[in-house]
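Working notes, structure below.
Please treat every number below as a calculation from the coordinates, not as lab data. A quick note: this is a predicted structure, and the numbers were derived from the prediction, not measured. Please note: Cβ atoms are built from the backbone with ideal geometry, for glycine as well, and neighbour counts cover all protein chains shown.
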Amino acid sequence: MDSPYHAVREKFRAVFGDEPARLRIIRAPGRVNLIGEHTDYNDGFVLPMAIEPEVRVACRARKDDKVRISSTAFAGQIVEFSLQQTIERAEPKWANYMRGVAAGLIGAGIPLVGMDAIYDNTLPVGGGLSSSAAIEVATAHSLLALSGNTMDVGRIALLCQKAEHEYALVPSGIMDQTAVAAGKAGHAMLLDCRSLAKQFIPIDSRDLQIVIVNSMVHHELSGGEYAKRRRQCEEGVAYFHRINPSVVALRDVTQAQVQEAEGKLSPIVFKRCRHVVSEIARTTAAAQKLTAKFYEEVGDLMVQSHQSLRDDYEVSIPELDFLAEQAMTIKGVYGARMTGGGFGGCIIAMTQPRAVEPLIEHLSKVYPEKFNRKPTIVVTTATAGASVVE
Ligand code: GLA
């Protein structure tokens, strides 16, 4: 148990020194989404899982109300704020996730104590694997553990999502924080983003391997395109709501109703709605097929998802299109698609175990030839959501 966390403990000591107060270790995994993209903020379904790369925090309580944080990604900086004063967004930006979560916990009436903490991230930042949600959820667990409190994981996810909205200014859905906070080892999570009900579906690693290929194109959700997609969906909802007042989200619209709206909605809003409504249907279908171990059919749905994200939702980029297409040329790869918000980041491939090596070999060769960048590739199983290690 010591080995993966030894390094973060040592890094803590190097920054904050050795003191008698007990050092706590917290881990929060990243997430990858099998299918169900840009459906969470439309009250739809998503099918993510927590993955092995993770954020690790070493922290200890302070006797005063100060929070002092350091990150191995920004060596030499220590950010400090007080739990007694209103916590505002501030520079450096990386600390806003921690500020937002601390503010949220205080707002929820949790009596916190000060902390010194160091964050060590084995997730690629801007890789579309939810490093920000992992940082948020890790912060919540750290502050809760040090103050002797616990909180339901669903509530932690909601509180972290609020921090993302208000402190990172990304109007994200609830998928990332829920997968990070409440993932289950060996399982994908079918999350109903309206009721927040979770259903866990086993992923048997003897049958399936999950390969994540990072295009190394940095994705940035605060860039405006994400918020623009949300507004376009809202425009769609407003149209369907006028026809039928019981429609409050694209979740309430059928594929036939979207087809009928062609020519009445603006062409862009029509395409956005067509993606979301068809993607919600693909996600529930994929969950059923995965449960039944009909892997080829799950794979087909993943490929359709990519095409819809590329053509109708327009959040893919040539690098992701190329990686997803090339992955499908390898025998034993069931499905491949871009995963996460888009505009960079990663593809996910679901493969037979024997296809993993040929897939890695192929993409490591053809991707740099075409785009002059080396992809980074992670083979992972589904892990458990965030936890206090010690
Ligand atoms: C980002 C957001 C999520 C979700 C995905 C797209 O990861 O944080 O809430 O909307 O994009 O599926």
Net charge over other residues, Cβ less than 11 angstrom from the Cβ of Ser195 (K, R count +1; D, E count -1): +1
Express in whole angstrom the spacing between the alpha-carbon centres of the range 179-226 and the range 1-78. 18
Please work out whether the range 181-238 counts as rounded, prolate or oblate from its C-alpha gyration tensor, where a ≥ b ≥ c are the square roots of the eigenvalues and a/c under 1.5 means rounded, while otherwise a/b larger than b/c means prolate and anything else oblate? oblate
The chain, helix-only ellipticity at 222 nm - DSSP H runs n ≥ 4, -39,500 (n - 2.57), divided by all residues, nearest 500: -13000 deg cm²/dmol
Once Lys and Arg are counted +1 and Asp and Glu -1 for all other residues with Cβ under 15 Å from that of Ala179, the total becomes -4
Scoring only Lys, Arg, Asp and Glu (+1, +1, -1, -1) among other residues with Cβ under 12 Å from the Cβ of His241 yields -2
Under the definition of Cα pairs under 8 Å and six or more residues apart, what whole-number percent is the relative contact order of the range 185-267? 15
Taking neighbour Cβ counts within 10 Å as the exposure measure, how do Phe240, Phe45 sort from fewest upward? Phe240, Phe45
Kindly identify the range 281-390 as rounded, prolate or oblate by the Cα gyration tensor criterion: order the square roots of the eigenvalues as a ≥ b ≥ c, call it rounded if a/c is under 1.5, otherwise compare a/b with b/c, prolate if a/b is larger, else oblate. rounded
Going down the list Lys228/Lys331; Lys11/Lys66; Lys63/Lys93, which pairs span over 30 Å between their C-alpha atoms? Lys228/Lys331
Checked the range 309-366 with the C-alpha gyration tensor, a ≥ b ≥ c its square-rooted eigenvalues, rounded below a/c of 1.5, otherwise prolate if a/b is larger than b/c and oblate if not; verdict prolate
What helices in the chain pass both tests, a Cα length along the helix axis of 30 Å or more and a mean Kyte hydropathy of -0.5 or higher, using whole DSSP H runs? 267-291
Neighbour counts of other C-beta atoms within 10 Å: give me Thr329, Thr139, Thr150 arranged from fewest to most. Thr150, Thr329, Thr139
The range 49-126: which GluC sites (Glu not before Pro) are DSSP loop and have at most 14 other beta-carbon atoms within 10 angstrom? Glu88
Under the Karplus relation with 6.51, -1.76 and 1.60 and θ = phi - 60°, whole-Hz ³J(HN,Hα) for the range 17-26, x at Gly and Pro, equal x, 9, 9, x, 3, 5, 8, 10, 10, 10
I'd like to know which of Asn214, Ser147, Gln304 lies farthest towards the positive end of the charge dipole of the chain, counting +1 on Cβ of Lys and Arg and -1 on Cβ of Asp and Glu. Ser147
By counting other Cβ atoms within 10 Å of each Cβ, how are Glu319, Glu390 ranked from fewest to most? Glu390, Glu319
Among Val32, Val15, Gly44, flag the residue with its Cα farthest along the positive direction of the charge dipole of the range 15-88, charges on Cβ as +1 for Lys/Arg and -1 for Asp/Glu. Val15
